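Worksheet: the structure to be examined is printed underneath.
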Amino acid sequence: MGKTIVWFRKDLRLHDHPALVEAAAHGEVLPVFILPETRHAASDWWLHHSLLEIIERFAKQQIQFVIRQGYPVEQLMKLLDESEADQLVFNELYDPESREVERGVAEACEKRRVQMRSFQGSLLVAPDAIFNKTNQPYKVFTPFWKRLRQERIATPLATPELVPSTGTLQSLSSEEWGLLSDEPWYNKFATYWRPGEKAAMDCWETFRDGGLCDYLVGRDLPAQYSVSRMSPYLAWGNVSVRSLWHGALAAAEDVGDRQVEAFIRQLAWRDFDNYQLLYFPEMLTKPVRPEFEKFPWQPADAQLEAWKTGRTGYPLVDAGMRELWETGYMHNRVRMVVASFLIKHLLIDWREGMAWFEETLLDLDLANNAMGWQWVAGSGFDASPYFRVFNPILQAKKFDEDARYIKKWLPELADMPVNYVFQPADAPVDVLESAGVTIGTSYPAPIVDHQAARARALAAYDTCKNS
């Protein structure tokens, strides 16, 4: 019977795990996780608790889950020596850093004459399976989506039977991981979230039996629970995207084909984000469209801080930023509005917003984050038109018409009449007094005028476009 090291990364689950299935078929399994060098505060909180859960799940089967820290190639080679394993397997990732490390692991295994195998276990389909008619990667989502729909999405793999470990190796304790920041702000997350594979399944069942039937319309309404909230579980692989795809299709008879199609289309966007990152890795650091390199960004000053802390004077923007700080999550419709506000109302570089999201999002996915910001900025291949400037007041009226979302996250506006809550600074004095709101004190005045900001943004884009 052989022994296989399973190198876990963003696939912290036992179901639909191709590398784990391969290892179990080979014999004894040694699951391993190498702590990442790059830290992101909110996402690290999720990782910490996901690791605790998966360690416990393996322990119940008398299998040690080993945690190490350091350069992955060195640590994996050490573990091969210590464990006398004869095989190393892992599921592939598609960001530039992970690809580079994977190449290093492959080279080291080849030198040692150790068998290494990698699998596609994080996306719906392998990125190298989909190209356009000229054999080039797709740059626009809609043709990518049409092509993906022609593919057969693999049926999720069952959790394999595992044999107990025969030895014990040195492993870092949770106190040594260093994943939990000294800042106490993330302690609130446990009020709203339960990381791990079991919680992922519970969350999915709640959405499948509730929100999925209203997804087509409800997904745009931040006060409703019509979104899946599966994104943090997908980010660290607590759940397989293929299991969500097939689970949604299985529910079509109960909830309708149109609802399911809208949901699985969002899963395909996740594939597309990672697909684009694989073929255009520069999207993490610079505009994909080179003409946007010359965009006249304004300095990141007090206005950036006002945006981060939800003190812009635009209630939907502020509610979204407060939700993010409180819960590590923000509704997708609101994400678009807050991103548009930072980029187009304040003319602050999208990379500032991307960096803030990297620190504060529990569902951080580098590809999705970069793609989203470049989409709003207009600098991506498949992006929002540069002249589309979200009006945060109209967006609030359209998608939060009774102001339930705004009032939840901005309790200082809880007593404002709905017809004034979207523009508190324009409310009559008696209305403000009755609601206990003082503009400039309990709630800020708008930090920019919408019409003036829109005109300035369009002028800036014209300068960039014509340069």
A correct Karplus calculation of ³J(HN,Hα) over the stretch 41-49, with 6.51 cos²θ - 1.76 cosθ + 1.60, θ = phi - 60°, whole Hz and x for Gly and Pro, returns 3, 5, 4, 5, 4, 5, 4, 3, 6
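I'd like the FRET efficiency for THR166 and ASP128, computed as 1/(1 + (r/R0)^6) with the beta carbon distance as r and R0 of 51 Å, rounded to 0.05.
Working: r = 37 Å, r/R0 = 0.73.
It comes out at approximately 0.85.
Summing +1 for each Lys or Arg and -1 for each Asp or Glu, what net charge is found among the other residues whose Cβ lies under 14 Å from the Cβ of SER174? Present the calculation step by step, with values, prior to reporting the outcome.
Details: positive: ARG68; negative: ASP44, GLU53, GLU56, GLU175, GLU176.
Taking every other residue near SER174 into account, the sum is -4.
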Taking Cα atoms only, helix 366-377 is inclined relative to the longest principal axis of the chain by an angle, in degrees rounded to 10, of 20 degrees
Everything considered on the Cα gyration tensor (a ≥ b ≥ c; rounded for a/c under 1.5, else prolate if a/b is larger than b/c, else oblate), the stretch 145-198 must be described as oblate
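Write down Rg/Rh for the chain, rounded to two decimals, with Rg from the C-alpha atoms and Rh from the Kirkwood relation over Cα pairs. Don't jump to the answer; show the numbers that get you there.
Details: Rg = 23.7 Å, Rh = 23.9 Å.
When Rh is taken as the Kirkwood radius, the ratio is 0.99.
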The base-10 log of I(q)/I(0) that the Debye equation returns for the stretch 290-466 at q = 0.09, 0.11, 0.17 Å⁻¹, one scatterer per C-alpha, is -0.30, -0.45, -1.04
Measuring from its Cα centre, the chain shows a charge dipole (+1 at each Lys and Arg Cβ, -1 at each Asp and Glu Cβ) which, in debye to the nearest 20, is 1180 debye
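Determine how many Å³ per residue the convex hull of the Cα atoms of the stretch 2-122 encloses.
Working: hull volume 12.0 nm³, N = 121.
Spread over its residues, the Cα hull of the stretch 2-122 gives 99 Å³ apiece.
Give me the Kirkwood hydrodynamic radius of the stretch 52-179 in Å, from all C-alpha pairs, to one decimal place?
This gives a value of 17.9 Å.
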Excluding residues fewer than 8 positions from LYS308 in its own chain, the aspartates and glutamates with Cα under 15 Å of it are ASP318, GLU323, GLU326, ASP349, GLU352, GLU358, GLU359
Summing -39500 (n - 2.57) over every DSSP H run of at least 4 residues in the chain and dividing by its residue count gives a helix-only mean residue ellipticity at 222 nm, to the nearest 500 deg cm²/dmol, of -14000 deg cm²/dmol
To the nearest 10 degrees, the tilt of helix 197-209 (Cα long axis) against the first principal axis of the alpha carbons of the chain is 50 degrees
At the level of C-alpha centres, the distance separating the stretch 170-212 and the stretch 279-343, in angstrom, is 25 Å
quick shape note, the stretch 238-391: Cα extents on principal axes in Å, largest first -> 51, 34, 29
With x for Gly and Pro, the residue-by-residue ³J(HN,Hα) of the stretch 115-124, computed from phi through the Karplus equation 6.51 cos²θ - 1.76 cosθ + 1.60 at θ = phi - 60° and given in whole Hz, is 5, 10, 9, 10, 9, 8, x, 10, 10, 5
Ordered by number, the GluC sites (Glu not before Pro) in the stretch 67-165 that occupy a DSSP loop and have at most 16 other Cβ atoms within 10 Å are GLU84, GLU151, GLU161
Tilt, helix 72-83 to longest principal axis of the chain (alpha-carbon atoms), in degrees rounded to tens, equals 30 degrees
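Remind me, relative contact order of the stretch 290-466 in percent, using alpha carbon pairs under 8 angstrom and six or more residues apart? Before the final figure, lay out the partial values.
Details: 228 pairs, mean separation 49.8, N = 177.
Normalised by residue count, the contact order of the stretch 290-466 is 28 percent.
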Once Lys and Arg are counted +1 and Asp and Glu -1 for all other residues with Cβ under 15 Å from that of LYS397, the total becomes -1
Over 24 Å (Cα to Cα) among LYS146/LYS286; LYS139/LYS294; LYS198/LYS408; LYS188/LYS408 -> LYS146/LYS286; LYS198/LYS408
Rounded to one decimal in nm, the spacing of the 7 Å Cα→Cβ label points at ASP449 and ASP86 is 7.8 nm
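Coordinate-derived values only; no laboratory data. In this text the structure is predicted, and so the values were computed from the model without any measurement. All Cβ positions, glycine included, derive from the backbone under ideal geometry; neighbour counts span all protein chains shown.
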